[in-house]
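Since the structure comes first, as structure tokens, the remarks are kept for the end.
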Amino acid sequence: MEITKTGGRASGQVSLPATVDRVVLTGFMGSGKTTTGKLLAELLGWEFRDLDREIERRDGRTVPQIFAESGEEAFRRLEAGALASLCGRRRVVIALGGGAIEELRSRLLLEQTPRTAVVYLQAPLETLLERCAKDEGTARPLLGEAEARFKRRHPLYERVARHKVTTTELAAEAVAEAVVAALRG
Ligand code: S3P
């Protein structure tokens, strides 16, 4: 049996209620959506998809290039298109970008796609900004005006996600386990 990073559990050992076909992780930049998503997908034996990577694959430009050349509105359109295509997949964990929730079309997709469980990974803004500062490998063109963005988005995350996991004190493995527990109710 292959031993994985997920607490020594073999991939695919954990199952969710049969009513869930896809798990979508939302939350602000630095909330751990990608790291948690990969671990969760491994636990479930499902596919992992990161929305930013999907946008880049479809568009052929990097996220910072899209922002620099075409602006935020164009990025949100590309993001909603990429999300629509991912929402057609089954047995998938999807990590959203932190701002996807601001686009009405993306919110409607999340709310109206059946068998889709949206989970809000929550932490205080201070913690999120500390994590972003440490994560030098990820370019985040919209980190400016973080406080205003956070205030605007927090109620949207809360509204769209049926489940919430507070990540402040938790290591990534524990967050993935907490997501499973939240989804099992
Ligand atoms: C954004 C968050 C980023 C990425 C883009 C815009 C945002 O994703 O989609 O830079 O508006 O908050 P992460 O939340 O994965 O950093």
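Could you tell me which of the residues V93, V119 is in contact with a His (Cβ under 7 Å, 6 or more places away or on another chain), of a type outside the set (D, E, K, R), modelled with pLDDT of 95 or more and surrounded by 15 or more Cβ atoms within 10 Å (Cβ to Cβ)? Spell out how you get there, then give the answer.
Working: V93 fails: in contact with a His (Cβ under 7 Å, 6 or more places away or on another chain).
Of the residues listed, the single one that is in contact with a His (Cβ under 7 Å, 6 or more places away or on another chain), of a type outside the set (D, E, K, R), modelled with pLDDT of 95 or more and surrounded by 15 or more Cβ atoms within 10 Å (Cβ to Cβ) is V119.
Name, by its number, the condition in (1) away from the ligand (no atom under 13 Å from the Cβ); (2) hydrophobic (A, V, I, L, M, F, W, C); (3) surrounded by 19 or more Cβ atoms within 10 Å (Cβ to Cβ) that does not hold for L108.
(3)
Of the residues that sit in segment 96-105 and are crowded, with 16+ Cβ neighbours inside 10 Å and not charged (D, E, K, R), which one is farthest from the ligand (Cβ to nearest atom)?
The extreme case among them is I101.
How many residues are open to solvent by 10 Å² or more (accessible area, probe 1.4 Å) and touching a residue at least 12 places away in the same chain (Cβ under 8 Å) when one looks only at segment 17-29? Don't jump to the end; show me each part of the working.
Going through segment 17-29, the residues open to solvent by 10 Å² or more (accessible area, probe 1.4 Å) turn out to be 17-22, 29.
Adding the requirement that they be touching a residue at least 12 places away in the same chain (Cβ under 8 Å) leaves 17, 19-22, 29.
Qualifying residue count, segment 17-29: 6.
Got at least one residue in segment 48-62 being in contact with a Gly (Cβ under 6 Å, 6 or more places away or on another chain), open to solvent by 10 Å² or more (accessible area, probe 1.4 Å) and away from the ligand (no atom under 11 Å from the Cβ)? Quick ask: steps written out before the conclusion?
First pass over segment 48-62, keeping only residues in contact with a Gly (Cβ under 6 Å, 6 or more places away or on another chain): 48, 51-52.
Within this subset, residues satisfying the condition of being open to solvent by 10 Å² or more (accessible area, probe 1.4 Å) are 48, 52.
So of that shortlist, the ones also away from the ligand (no atom under 11 Å from the Cβ) come out as 48.
Checked against the condition, which is being in contact with a Gly (Cβ under 6 Å, 6 or more places away or on another chain), open to solvent by 10 Å² or more (accessible area, probe 1.4 Å) and away from the ligand (no atom under 11 Å from the Cβ), segment 48-62 yields at least one hit.
Could you check segment 35-47 and list, in sequence order, the residues that are within 15 Å of A174 (Cα to Cα) and open to solvent by 50 Å² or more (accessible area, probe 1.4 Å)? Spell out the reasoning first.
Just the residues of segment 35-47 that are within 15 Å of A174 (Cα to Cα), to begin with: 35-44.
Within segment 35-47, T35, K38, E42 meet the criteria.
So which residues in segment 134-158 are within 17 Å of the chain's Cα centre (by Cα), open to solvent by 60 Å² or more (accessible area, probe 1.4 Å) and either of a type outside the set (A, V, I, L, M) or closer than 20 Å to R107 by Cα (or both), if there are any at all?
Of everything in segment 134-158, those that are within 17 Å of the chain's Cα centre (by Cα), open to solvent by 60 Å² or more (accessible area, probe 1.4 Å) and either of a type outside the set (A, V, I, L, M) or closer than 20 Å to R107 by Cα (or both) turn out to be T138, R140, P155, E158.
The values are calculated or read from the model by the stated rules, or taken from the named source; none is laboratory data. Only a predicted model underlies this, so the values are computations on that prediction, with no experimental measurement involved. Here Cβ is always computed from backbone atoms with ideal geometry, including for glycine, and neighbour counts include all displayed protein chains. What goes into the accessible areas is simple: the full protein's heavy atoms, side chains included, and nothing from ligands, DNA or RNA. Shrake-Rupley method; radii C 1.70, N 1.55, O 1.52, S 1.80 Å.
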